[in-house]
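Structure first, commentary second.
Computed from the coordinates by the stated procedures, all read-outs in this text should not be read as laboratory data. Owing to the predicted nature of the structure, the values given are computational and were not obtained by experimental measurement. Note that each Cβ is placed from the backbone with ideal geometry, even for glycine, and that neighbours are counted across all protein chains shown.
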Amino acid sequence: MKNTEKPLESICIVGGGSAGWMAASLLSNVLKGSNTKITLIESPDIATIGVGEATVPSFMAFLKDARLPVKEFMQATAGSIKLGIRFENWYQQQHHFLHPFGKIGRNIDGHDFYQVWLKTLADGNETRWMDHSPSGIMSEEHRFTADPQLINTPLATYGYALHLDAAYAARHMREITLARGVQRIEATVASVQTDERQFIKSLQLTNGETVTSDFFIDCTGFRGLLISETLKVGYEDWSNYLPCNRAVAGQTENTGDPLPYTVASARAAGWTWKIPLQHRDGNGYVFASDFCSDDEAIQTLINVVDGKFIQEPRIIPFVSGMRKKIWHNNCLALGLASGFIEPLESTAIHLVYRNLVHFIRNFPDQQFDENLQQQFNSEIARDYVEIRDFVILHYCTTKRDDTEFWRWCQNMDIPDSLREKIELFGHRGQLKHHPEDLFGADSWYSILEGMNVRPKKYHPLVDALDSQKLAHSLNQGAKAIRDTVMKLPSHGDFLRQHCPVKKT
Ligand code: FAD
């Protein structure tokens, strides 16, 4: 069968932040050998947002799909390993827990490990949920290796992502994609022209040039120059569920080897992040302006960081939500232009990748079949909603009542989709799933366990398992994980030996 439709001849990416360069990296690989020309317009006048430095494990798949070798990427971006997120003071003050990547435990005789673990708790087992997580124990011990031999050890199911310097990452992807033939125009878009169907026709640049293209990818950040300011696609505002709407961000000198996890510490009106890189730390306070002023937030951040500031703290406003249509006519919105869910689970870069994956799956030709757009828009909306609900879970299960903000969270309105999920879980620990969910069952169990939410009972079929044998098996499993982890190099040594930052 032959393809008779006319393929896209040109794609124009507007914006040179993480989203723009991720699009250029992935598309230049996927479209190699085709006749589709890729151009990226990068403004010398408008800065990138400059935050967005923690990723989730799908980022490793992005690097592979975009043909960006991991070691080079880590060296170029002062990258460190992220095995998960440590949550401090979320359930109550002085309490912490981990959300580790990778799998936790192994199913036994076809029974879900979480159910088995619940049964053993009822029988007096004292292993923690985290004791069965390879990435969890590697985090606690600050140890790491990427040795492929791990596949034959009790750590086989570990998972990891990266922390990266966002400015270095954009620079690295730019160098690689330009060498692949992506054309870069250094200019700012002054105006956008559309045709009578509301398709984007051309861009007028400040250097006098006019750029035409078959398709446009709007990576212009929160403003959404093409998707919002030009095509007037509306925004679904989720701030009733996710009240944090500002952040103060600042970089500090690091004070030792980088931690192999992100730290998210709950504060009076939100939470602070610490993202450890090889050459510095990224820090910020994400807060709700209804409960905290900018000055208070800046002061909080100054009080809690470890090292000396190397960049003045700056305020970044945002609204959690998503565009009503992320792909409209011949324009795809990507990155912050497409929407934003506050950064608690570091999911925005993941959504850039997902957005591109769905786009490639539904890749248009010059007919712009409406069905492809619709399919794309429903797939990406499902991803957004799944992540939104997971992030809300961290707030609505708090037992903190020491500030007005946390009291508000205890009584907050939550979406029906999340309410149903929590109710189902409450009966006997079952979860509603979609095969393409970013956060699988182990992630949900980790947050629920961390927030002290347990089901009323466990699955009745696990009662048939022998309690003594189970207790022995779980104890041995947890010991094997810890013993193996203790033989690994420290995270700092791993970075020094395998991917030290390249000084430029
Ligand atoms: P930007 O970086 O804002 O880039 C926009 C680009 O558009 C710029 O290059 C600008 O010059 C260009 N532009 C604008 N107007 C024009 C014009 N007229 N002509 C030409 N160019 C133009 N994500 C994560 O995955 N993990 C995190 O830990 C994380 N933390 C975050 C913390 C905070 C507080 C915030 C707000 C976001 C965070 N994010 C995080 C999100 C992450 O920063 C973004 O997803 C990512 O940086 C992509 O940004 P972007 O490229 O869409 O936008």
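Applying the Karplus relation 6.51 cos²θ - 1.76 cosθ + 1.60 with θ = phi - 60° to segment 106-111 yields 3J(HN,Hα) values of 10, 4, 10, 6, x, 9 Hz, where x marks Gly and Pro.
Using a Förster distance of 41 angstrom, determine the FRET efficiency expected from the C-beta separation of K6 and A156, and round it to 0.05.
Working: r = 48 Å, r/R0 = 1.16.
FRET efficiency, K6 to A156: 0.30.
When only Cα pairs under 8 Å and 6 or more residues apart are kept, what is the percent relative contact order across segment 246-317?
Details: 142 pairs, mean separation 32.5, N = 72.
Averaging sequence separation for qualifying contacts and normalising by length gives 45 percent for segment 246-317.
To the nearest ten degrees, helix 166-179 and the longest principal axis of the Cα atoms of the chain are 50 degrees apart. Assuming R0 = 30 Å, what is the FRET efficiency of Q149 and E126, from their Cβ-Cβ distance, to the nearest 0.05? So the FRET efficiency works out to roughly 0.45. Straight-line cross-link reach from K399 at under 16 Å between alpha-carbon atoms covers these aspartates and glutamates, not counting any fewer than eight positions away in the same chain: E88, D413, E449. Between segment 431-486 and segment 174-200, the C-alpha centres lie 49 angstrom from each other. For segment 159-218, taking Cα atoms only, Rg and Dmax work out to 15.9, 49 Å respectively. Computed about the Cα centre, the dipole magnitude for the chain is approximately 940 debye when only Lys and Arg (+1) and Asp and Glu (-1) carry charge, each at its Cβ. Principal-axis analysis of the Cα atoms of the chain puts helix 441-450 at an angle of about 60° to the longest axis.
Each DSSP beta bridge with both residues in the chain is either parallel or antiparallel, and the antiparallel ones are about 70%.
Note on segment 128-244: semi-axes of the ellipsoid equivalent to its C-alpha gyration tensor, largest first and rounded to whole Å, are 44, 22, 13. In the neighborhood of K6, defined by Cβ-to-Cβ distances under 10 Å, what is the net charge if each Lys or Arg adds +1 and each Asp or Glu adds -1? It works out to a net charge of -4. For the chain, the relative contact order comes to 23 percent (Cα pairs under 8 Å, sequence separation of at least 6). Over the chain, the ratio between the Cα radius of gyration and 2.2 N^0.38 Å evaluates to 1.00. Which log10 I(q)/I(0) values, to two decimals, does segment 246-317 give at q = 0.21 Å⁻¹ under the Debye formula with one point per Cα? Each listed q corresponds, in turn, to -0.81.
Considering helices alone, the calculated mean residue ellipticity of the chain at 222 nm is -10500 deg cm²/dmol, with DSSP H runs of length four and up weighted by -39500 (n - 2.57) and normalised per residue. Amide H contacts under 5 Å for E236: M322, R323, K324, restricted to partners 5 or more places along the chain or on a different chain, H placed in the peptide plane at 1.01 Å from N. 3J(HN,Hα) along segment 337-345, derived from phi through the Karplus expression 6.51 cos²θ - 1.76 cosθ + 1.60 where θ = phi - 60°, amounts to 5, 8, x, 7, 10, 2, x, 4, 9 Hz, with x in place of Gly and Pro.
Positive end of the dipole of segment 246-317 (Cβ unit charges, origin at the Cα centre): among Q278, T252, C292, the Cα lying farthest that way belongs to Q278.
For segment 235-241, 3J(HN,Hα) computed residue by residue from phi via the Karplus equation (6.51, -1.76, 1.60; θ = phi - 60°) reads 10, 8, 8, 10, 6, 5, 9 Hz, glycine and proline entered as x. For the chain, the longest principal axis of the alpha carbon atoms and the long axis of helix 370-396 meet at an angle near 40°.
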